[in-house]
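Engineer: Below is the structure I would like to discuss, written out as structure tokens.
The values are calculated or read from the model by the stated rules, or taken from the named source; none is laboratory data. Quick caveat: nothing in here was measured; it's all calculated off a predicted structure. As a convention, Cβ positions derive from the backbone with ideal geometry for all residues, glycine included, and neighbour counts pool all protein chains shown.
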Amino acid sequence: MSNREWQASWGTQRWRGLLVALGLVLLGLLLMLALGFAGGFNHSLDVFIWYFIKAALVALGLGALGVFWLRRGWGPLWLQMLLTYVLGIGIALFITFQTAQLMIVDSSQLPQLVLLLLFTGVVSAGLGFGLSHTLVQRVKGLHQGAQALASGDLTTRVPTDGRDELAGLAQEFNRMAAQLATSADERARQEAARRELMVAVSHDLRTPLAALQAMVEAMADGVVDDPATATRYAATMRGQIEVLRRLIDDLFELSRIDAGALTLNQQRVSLHDLVGETLMGLQPHARARGVTLTGQVATVGPALGDPQQLARVLHNLIGNAIRHTPAGGQVCIDVSEAIEEPDGHAAQPADQSCMLQVTIADTGEGIAPEDIPHVFERFYRGEKSRSRATGGAGLGLAIARGIVEAHGGSIWLTSKLGQGTQVSFTLQRAV
């Protein structure tokens with residue numbers, strides 16, 4: 001809360017307290033007048049009113065000083081509460097002495113009345129001290145928890161006994177501490193993943209660069225002197241340069257997705273044409289690995305999306321499936337109306353009639369169960385799902401997820417070791 005907001009709140013509470021005090025004074029005056037009319041005192045009405053106004057003004061003045069002192073927070077909490085009780089007892093004694101001659105009380109009974117008030121005050125002060133001690137201990141617990149949290153101990157939690165405001169504050173404190181601990185764990189995990197990515201990227205960059213350097217040096221030293229070998233070296237160098245280009249392109253695309261800077265040129269896209277073009281481009285790669293590549297597109301309307309980005313998703317997912325499918329295996333692409341996801345949650349948005357579903361299924365080695373929850377995470381590289389031995393930088397699934405989610409769809413994966421993997425994603429239907 002800013003200083004201006006605090007002052008406005010304090011001004012509102014001050015006027016509210018003043019109105020309450022005046023209301024109590026008027027209530028006391030009415031009660032005294034009722035007692036007077038009933039014959040409860042032996043003085044004239046104007047004398048009674050004067051005594052009452054004088055006592056009320058003194059009580060209000062002392063009460064205002066007490067409130068001012070409490071608002072400033074001077075002294076420990078237990079002392080503030082104890083002096084509040086003492087101030088209340090003093091005001092009660094003052095009013096008693098001021099109005100004793102107007103009440104139906106024998107002057108000889110005044111000492112007994114004062115002693116009774118003092119006894120009541122002592123008991124009230126004792127109870128107040130006990131209450132303040134309990135509150136202070138609870139506040140100290142919150143203070144110590146805040147100090148531990150500030151020092152970096154994110155496992156700190158404070159007791160939440162009770163149902164009052166302090167218990168609610170303790171619960172909010174624990175919730176905040178839990179969120180901070182979760183955020184810290186996530187930051188540590190992301191940092192470890194980034195370090196792992198740097199190692200992986202360094203390896204993927206070093207391998208083609210080393211090959212390029214060796215071939216260039218061989219050609220520069222005159223080791224390659226026949227045209228056939230030179231042609232073969234040139235073809236290999238082009239392949240290595242293409243590997244580097246794809247890796248840099250993937251890293252750039254992933255950085256745009258992470259930064260939320262991915263721009264989409266959304267339009268009506270024919271999935272039949274898009275899938276057909278992607279299959280045509282990847283057929284040579286599939287034949288070279290002995291993998292059968294097929295596609296089946298149901299009679300569905302066009303999707304809403306960026307054709308270039310969606311082609312990238314299909315290329316990443318189908319290429320990944322081909323790399324992980326042994327010779328003699330199959331990779332099949334299917335486009336249909338959206339169905340429910342494996343966990344039972346409907347594809348987003350909830351109105352599935354507005355969604356189309358694309359599924360890429362392979363008969364490859366599958367993914368280990370412990371890797372499945374992480375395969376779409378940024379910077380994650382599992383042993384089976386993203387092995388360097390099968391090629392690729394291990395960023396295809398993360399990029400596909402970012403693009404699909406940017407289109408308002410969802411993506412998920414099911415797999416069994418030795419039986420293959422099935423990746424599905426949804427897209428909005430164009431209207």
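Engineer: Check region 172-186 and report whether any residue there is outside the structural domain of Val375 (by TED's automatic domain parsing), within 30 Å of Ser255 (Cα to Cα), loosely packed, with under 11 Cβ neighbours inside 10 Å and not hydroxyl-bearing (Ser, Thr, Tyr).
Structural biologist: yes
Engineer: Does region 156-175 contain at least one residue that is at pLDDT 85 or above, under 30 Å from Leu395 (Cβ atoms) and part of a helix (DSSP H, G or I)?
Structural biologist: Checked region 156-175: no residue is at pLDDT 85 or above, under 30 Å from Leu395 (Cβ atoms) and part of a helix (DSSP H, G or I).
Engineer: Say whether the condition of being free of Cβ contacts under 8 Å to residues at least 12 places away in the same chain, over 22 Å from Leu397 (Cβ atoms) and either exposed (fewer than 15 other Cβ atoms within 10 Å of the Cβ) or of a type in the set (Phe, Trp, Tyr) (or both) is met by at least one residue in region 249-267.
Structural biologist: The answer is no; no qualifying residue exists.
Engineer: Now a separate question. On the given criteria, is Ala235 of a type outside the set (Phe, Trp, Tyr), in a helix (DSSP H, G or I) and either at pLDDT 90 or above or in the same structural domain as Gln419 (by TED's automatic domain parsing) (or both)?
Structural biologist: no
Engineer: Of everything in region 290-321 that's more than 40 Å from the chain's Cα centre (by Cα) and crowded, with 16+ Cβ neighbours inside 10 Å, which residue is nearest to Arg429 (Cα to Cα)?
Structural biologist: The selected residue is Gly295.
Engineer: Scan region 139-163 and report the pairs whose first residue is free of Cβ contacts under 8 Å to residues at least 60 places away in the same chain and surrounded by fewer than 12 Cβ atoms within 10 Å (Cβ to Cβ) and whose second residue is assigned to a loop (DSSP other than H, G, I, E, B) and not acidic (Asp, Glu), with Cβ atoms within less than 9 Å and a gap of 6+ or a chain change.
Structural biologist: Pairs found: Gln147/Thr156.
Engineer: Within region 365-382, can one find any residue that is at pLDDT below 55, more than 25 Å from Asp334 (Cβ to Cβ) and part of a loop (DSSP other than H, G, I, E, B)?
Structural biologist: no
Engineer: Can you name the strands (runs of 3 or more DSSP E) wholly within region 246-326 that have at least 2 residues being modelled with pLDDT under 90 and either touching a helix residue (DSSP H, G or I) at 6+ places or on another chain (Cβ under 7 Å) or within 26 Å of Thr363 (Cα to Cα) (or both)?
Structural biologist: It comes to 292-297.
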